[in-house]
Structure formats: structure tokens, C-alpha cells
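The values are calculated or read from the model by the stated rules, or taken from the named source; none is laboratory data. In this text the structure is predicted, and so the values were computed from the model without any measurement. When we count neighbours, we look across all protein chains shown, and the Cβ atoms used for this are built from the backbone with ideal geometry, even at glycine. When the accessible area is computed, the model is the full protein with side chains, heavy atoms only, and any ligands, DNA or RNA have been set aside. Shrake-Rupley method; radii C 1.70, N 1.55, O 1.52, S 1.80 Å.
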Amino acid sequence: MKREDKIKELCGKEKYDFTDLAAVVEILRSPGGCPWDMEQDHHSIREDLIEETYEVIEAIDTENPTLLCEELGDVMLQVVFHTRIEEEKGVFSTEDVTTGVCTKLIHRHPHVFGDVCVSSSGEVLANWEKIKSDEKQRITVTDKLRAIPPQLPALMRATKVGKKAKCFDFANADEVLTKLDEEKFELIEAVEKGDTNAIEEEMGDLLLTVTSLCRKLGINPENALNRATDKFIDRFEAIENEVSKKGMDIKSLTMQELDAIWDENKKKIEKNTKKT
């Protein structure tokens, strides 16, 4: 089909499927298409894939199905775009991508597509990990640890590493708390010495220990930190509003003055809460 006919056909549709999406991206990237799209490569749109993924997470967290539908489409676009770049080079195609993931799913679900019997989702996950390790030839625990992408958010990566290295782990949360105190004092010593490299190292050890504590307590550290950050923003907004009511500039006040305003505002909130 000629380019003009393909464009006409696509413009005349009311509903589009995955094949249509691939065709749209192909037209955008081909001669006579969009100059911007034609200039892109994997690295130039790398951040877009990360951003779109987080926007999907936002839609899930806010339970917004309309936004979720839109953002899943944006993620799908990224997948098709990256695939098209390789397709143009003759490395792999959209069919190769879908074949790969379908083959993987069938192979890793032998209890559905084979004759393996399972009695729980825990067994399913255990089988999945074993099959995956066999596929990737990850024999040792270290192989599995190094396979965790270093590009993951640091807290997420640390949590995954700790979970996979369970053979070398704290017995309980109390042991982690003891270790946390130890790491804190080592950080204090590094700060007192003014050794920047040591400070960074000890800070890393402290954060890693915190992720271990979260794991032992069944807490997701990413969620915990996000909630704490949201709480800080709410607190900052309350202080800034009070400062504004008093006709002052928040940037001109000391930390002690801001704390006093916060304490005053906190008492008002607690008083109103008791009334309701």
C-alpha cells in the first residue's frame, strides 16, 4: 500500500488496534514524516519511557481509569517507538517482541500451559523464579543480585537485593534496629572527621539498613518515603499559609520562628479535631 493510501486509511478510522499504532509510528519515522520523530533514538527518548511509566503509576495510585487508559497508551507508544528504531535497522521487529513475550509467558506458566500442578500463588512465584534463573543461566545468588538493574530507584533496588539475599539477612527487626544505631554512630564519626567519601559511604550503609528494617516490618520504603514527603509538603503549606496571613515572607524567617508557627498551627488543628 502506498504511503498516501495508508495515511488516508488511518485518518478514516474510528477505532485503532496495535497494528495501527505501529503503522502510525512507521509513517512518522519514514521520509516525509515528522522531523522530530525521525531524529530520535533510544537514548533521546529514554527519559520519556521512565516518565510515562511513572504517570501510569500515578493513575493507578489515584484510581483514575480515564487517566490510566491514556497513560497506558503513552507507554505502549514508547514500546512501539523503540521497536520501530530497531526494525528500521533490521535487528528485530514488532512480531519478534510479541513472540518473545508470549513465548516467555507460556514457558513460565507450566501450570497453565503444561502439566505442572500448583496449589498456591507462592508456588507459582517460586516456579517462575526457578524457570527465569534457568533461562538466564543465573546459577549463584550473586548472579541474581547482579541481574537487578542498577538503573532502578535506589530504594527499590536495595529492597530487591535484600529480598534475594535472604540467606545473609538479619533474623528480625530488633537486630536491624541495633545495626541502625551502629550505622548512625559510624556516620556521626565520619561527619566529625569531615571525610566526604566516608560520609557518603556511611550514609549509604545507613540507608541500606533502613531498607532492611522496612523489609522486616513489611513496609515498602518507596511508599513510606513518598508519604513522608507528602506530609512534609502539607506541613510546609500550612506554615506558609500562616506566614502569609501574618503578612510575612517565609524566606526571611528563621527555622526557630517557623517551628513556632508550626507548633501554633498544630495546636489549632488538634483543637479543631477534638471538636469534631
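Scaled to the globular estimate 2.2 N^0.38 Å, the Cα spread of the stretch 135-191, given as radius of gyration, is 1.42.
Averaging Cα coordinates gives a centre for the stretch 1-62 and one for the stretch 212-276; these two points are 43 Å apart. Take every pair of alpha-carbon atoms less than 8 Å apart whose residues are at least six positions apart; their mean separation over the length of the stretch 83-128 yields a relative contact order of 21 percent.
With the largest listed first and rounded to whole Å, the semi-axes of the equivalent ellipsoid of the chain from the Cα gyration tensor are 45, 32, 21. Placing a label point 7 Å from the Cα of E4 along the Cα-to-Cβ direction, the residues of the stretch 29-44 whose backbone N falls under 19 Å of that point are 30-34. Values of log10 I(q)/I(0) for the stretch 24-167 across q = 0.11 Å⁻¹ run -0.64, by the Debye formula with one identical scatterer at each alpha carbon and no solvent. Here K160 sits with roughly 100 square angstrom of accessible surface, probe radius 1.4 Å.
Overall shape of the stretch 11-75 was characterised from the C-alpha gyration tensor. The equivalent ellipsoid obtained from it has semi-axes of 25, 18, 7 Å, in decreasing order. Restricting the stretch 1-107 to GluC sites (Glu not before Pro) that sit in a DSSP loop and have at most 10 other Cβ atoms within 10 Å of their own Cβ leaves E14, E63. Projected onto its three principal axes, the C-alpha set of the stretch 91-248 covers 70, 40, 40 Å, listed from the longest axis down. Looking at the stretch 191-276, the accessible area is 78 square angstrom per residue; that uses a 1.4 Å probe and ignores ligands, DNA and RNA. Shown for the stretch 146-276: the carbon plus sulfur share of the solvent-accessible area, taken with all protein chains present and a 1.4 angstrom probe, equals 55%.
The phi-based Karplus calculation (6.51 cos²θ - 1.76 cosθ + 1.60; θ = phi - 60°) puts the 3J(HN,Hα) values of the stretch 193-204 at 7, x, 8, 4, 5, 5, 4, 4, 5, 5, 5, x Hz, whole numbers, x for Gly and Pro. Our note on the geometry: Cα centres of the stretch 76-98 and the stretch 154-177, 37 Å apart.
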